[in-house]
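There's a structure below that I have some questions on.
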Amino acid sequence: MGTKRIGLARVEALLENLKRELAMGAGTIISGAKGLQHIATARTATSDGATTGLIADGTSFVTVTSGGANNIITLPTPTPGTIVWLSELLTTGYELRTDTPASVAINGGDGSGAESAIAGAIKLVRCVCIDSSEWMCTQFDADGDESKVEAAASS
């Protein structure tokens, strides 16, 4: 049986009409997109940083709600290269902790229950995991001034 040949114009038309989306669980990748938009995930700081205070692995942008400056948000499992952005639009502030504060540091500080205070005037925090035992974090105030997050310390 012979092979049926298709002209170049027909091949091009078929390729142009392909659906350019790839469903991946809860997300979709669209071919030809001009950028990447991360979905904001809401987290509520808690007294121990668990449940709603825990940032899940794979989360990139977190909107933080906090009922008090002593409530805790816990960073995800440290995976080198992970970047987590945290935004709190209220002026309450919160404490930032790693998933294993005794051995995973924030800006060089670790210890049992160690955490970094994020003041209410801070609107945005960026944390970059640089290895399996350390996060480097900076913070931004309302008019964009950047400064380092205090090293985690035990309270």
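Those residues that are under 21 Å from Ser147 (Cβ atoms) and in contact with a Pro (Cβ under 9 Å, 6 or more places away or on another chain), I need them from region 69-107; list them, please.
Those that are under 21 Å from Ser147 (Cβ atoms) and in contact with a Pro (Cβ under 9 Å, 6 or more places away or on another chain): Val84, Thr98.
Quick one: which strands (runs of 3 or more DSSP E) sit completely within region 82-154 and have at least 3 residues that are modelled with pLDDT of 95 or more and surrounded by fewer than 22 Cβ atoms within 10 Å (Cβ to Cβ)?
Hits in region 82-154: 83-87, 122-131, 134-141, 146-148.
Go through (1) free of Cβ contacts under 8 Å to residues at least 24 places away in the same chain; (2) under 24 Å from Gln37 (Cβ atoms) one by one and return the number of the condition Asp143 breaks.
Asp143 satisfies all of (1) free of Cβ contacts under 8 Å to residues at least 24 places away in the same chain; (2) under 24 Å from Gln37 (Cβ atoms) except (2).
Also, I was wondering about something else. Can you name the residue in region 50-66 that is in contact with a Leu (Cβ under 9 Å, 6 or more places away or on another chain) and assigned to a loop (DSSP other than H, G, I, E, B) and is also modelled with the highest pLDDT among such residues?
Only one residue tops the list, namely Ile55.
Can you report the number of residues in region 67-81 which are within 14 Å of Ala119 (Cα to Cα) and assigned to a loop (DSSP other than H, G, I, E, B)?
Summing the residues that are within 14 Å of Ala119 (Cα to Cα) and assigned to a loop (DSSP other than H, G, I, E, B) in region 67-81 gives 5.
Taking the condition surrounded by 20 or more Cβ atoms within 10 Å (Cβ to Cβ), more than 13 Å from the chain's Cα centre (by Cα) and over 19 Å from Lys148 (Cα atoms), does Ser66 pass?
Taking the combined requirement at face value, the residue satisfies it.
The values are calculated or read from the model by the stated rules, or taken from the named source; none is laboratory data. For clarity, every value in this text was computed on a predicted model and none was experimentally measured. Because the Cβ atoms are built from the backbone with ideal geometry, glycine has one as well, and the counts that use them run over all protein chains shown.
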